[in-house]
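Nothing in this text is a laboratory measurement; each read-out follows from the coordinates by a stated rule. This one's a predicted model, so the numbers in the text were calculated from it and none came from an experiment. We place every Cβ from the backbone using ideal geometry, glycine too, and count neighbours over all the protein chains shown.
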Amino acid sequence: VFNLPGGTLAVGAPADVVVIDPAVRWSVDPQTFYSKSRNTPFGGDTLVGRADLTVVRGRIVFDRLAS
């Protein structure tokens with residue numbers, strides 16, 4: 001995407017990974033956003049699929065289950 005170099009999943013390589021649950025249904029509540037901005041056209045909508053874990057350069061930067 002955008003001609004950026006892609007990562008590699010290999011032993012010893014830094015991991016950039018997003019773990020998603022493609023089946024989970026959830027309602028968008030802007031009051032629960034981590035961002036200070038609450039603007040969204042999706043407030044109150046029910047969506048399917050959600051990121052549960054994000055790892056950047058081998059470091060966990062977001063873990064929904066730890067929240």
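Taking amide H as placed 1.01 Å from N in the peptide plane, the amide H of residue 62 sits under 5 Å from that of 54, each at least 5 places away or on another chain.
For the range 17-66, the dipole from Cβ point charges (+1 on Lys and Arg, -1 on Asp and Glu) about the Cα centre works out to 200 debye, to the nearest 20. Of the residues 55, 17, 28, the one that moves most in a GNM of the chain with alpha-carbon contacts below 10 Å is 28.
Dipole orientation for the chain: of the candidates 49, 3, 26, 3 has the Cα lying most toward the positive pole (charges on Cβ; Lys, Arg +1; Asp, Glu -1). Name the most mobile residue of 50, 38, 25, meaning the one with the largest mean-square fluctuation, in a Gaussian network model of the chain with Cα contacts below 10 Å. Result for the chain, Cα springs under 10 Å: 38 fluctuates most. 3J(HN,Hα) along the range 34-50: 6, 6, 6, 6, 10, 6, 7, x, 9, x, x, 6, 9, 10, 10, x, 7 Hz, from the Karplus curve 6.51 cos²θ - 1.76 cosθ + 1.60 with θ = phi - 60°, whole Hz, x for Gly and Pro.
Where (1) -0.52, -0.75; (2) -0.28, -0.43; (3) -0.44, -0.67 are the candidate values, the label of the one calculated here for log10 I(q)/I(0) by the Debye sum over Cα atoms at q = 0.13, 0.16 Å⁻¹ is (1).
Per-residue extension of 0.36 nm, minus the Cα-Cα distance of residue 54 and residue 28, leaves a gain of 7.4 nm for this segment. Taking θ as phi - 60° and the Karplus parameters 6.51, -1.76 and 1.60, the scalar couplings of the range 18-23 work out to 10, 9, 10, 10, x, 9 Hz in sequence order, x denoting glycine and proline.
Computed over neighbours whose Cβ is under 14 Å from that of residue 55, the net charge equals 0, Lys and Arg +1, Asp and Glu -1.
Extension gain for residue 35-residue 2 works out to 9.4 nm (0.36 nm per residue, less the C-alpha to C-alpha distance). With a Förster radius of 22 Å applied to the C-beta separation of residue 13 and residue 63, the computed FRET efficiency comes to 0.60.
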